[in-house]
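The values are calculated or read from the model by the stated rules, or taken from the named source; none is laboratory data. Since the structure is predicted, the reported quantities are computational estimates derived from the model, not experimental observations. Backbone-built Cβ (ideal geometry, glycine too); neighbour counts: all protein chains shown.
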Ligand code: GLN
């Protein structure tokens, strides 16, 4: 089974681990740089992005995680995880940094308090697929860099992107039992595992 790390510093860790297990992967909770060894993919869950950023740096995980992602480790960031992956935030918390591994700019809490949290069905990709998912104080993508593919929009704004082996989404498929996005991550993990060492 592919070993898939779930960054386990704060936020929605258990739901991702459960979904990965359901899909036949072995979830590995990542709290130290040593936990990154031997992973086939990694998930950065939702939570509070400025807290996650601080903890990543405090635990000495920021640079090793960044190096692993830049080295081709298939990565899925959801919500706060997307914010962590981005190259910049329009409205960062004081001192808030990102990993700068996905060439997009994001805005936090972008759907406003009226529609703070909602369950929706979104068109996914361009082959007629949909994802049933939840938004919770979600960020949006306000700038899409060159070579970054848009996978989904909600109310006209970009909420899912992919670039190389990195996927970033502003929503929470792990809360609705929607497996499409995690399956895509596991396909990337499989493709990487089958490469000659
Ligand atoms: N609003 C949160 C942030 O800015 C993200 C919300 C989430 O991950 N559900 O980090």
Notebook entry, point to check: Does region 10-20 include one or more residues that are modelled with pLDDT of 95 or more, farther than 25 Å from residue 135 by Cα and crowded, with 20+ Cβ neighbours inside 10 Å?
Noted result: no
Next item on the list: Name the one entry in 115, 106, 150, 181 that is at pLDDT 95 or above, within 16 Å of the ligand (Cβ to nearest atom) and farther than 21 Å from residue 18 by Cβ.
Entry: 106
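Can you tell me how many residues within region 9-54 are under 23 Å from residue 97 (Cα atoms), within 13 Å of the ligand (Cβ to nearest atom) and within 17 Å of the chain's Cα centre (by Cα)?
Selection size over region 9-54: 16.
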Next item on the list: Would you tally the residues in region 99-129 being closer than 18 Å to residue 188 by Cβ, without any contact (Cβ under 8 Å) to a residue 40 or more places away in the chain and surrounded by fewer than 14 Cβ atoms within 10 Å (Cβ to Cβ)?
Entry: 1
Checklist line | Residues of region 55-98 satisfying the condition of being within 11 Å of the ligand (Cβ to nearest atom) and either surrounded by fewer than 18 Cβ atoms within 10 Å (Cβ to Cβ) or over 21 Å from residue 13 (Cβ atoms) (or both) | finding: 89, 91, 92, 93, 96
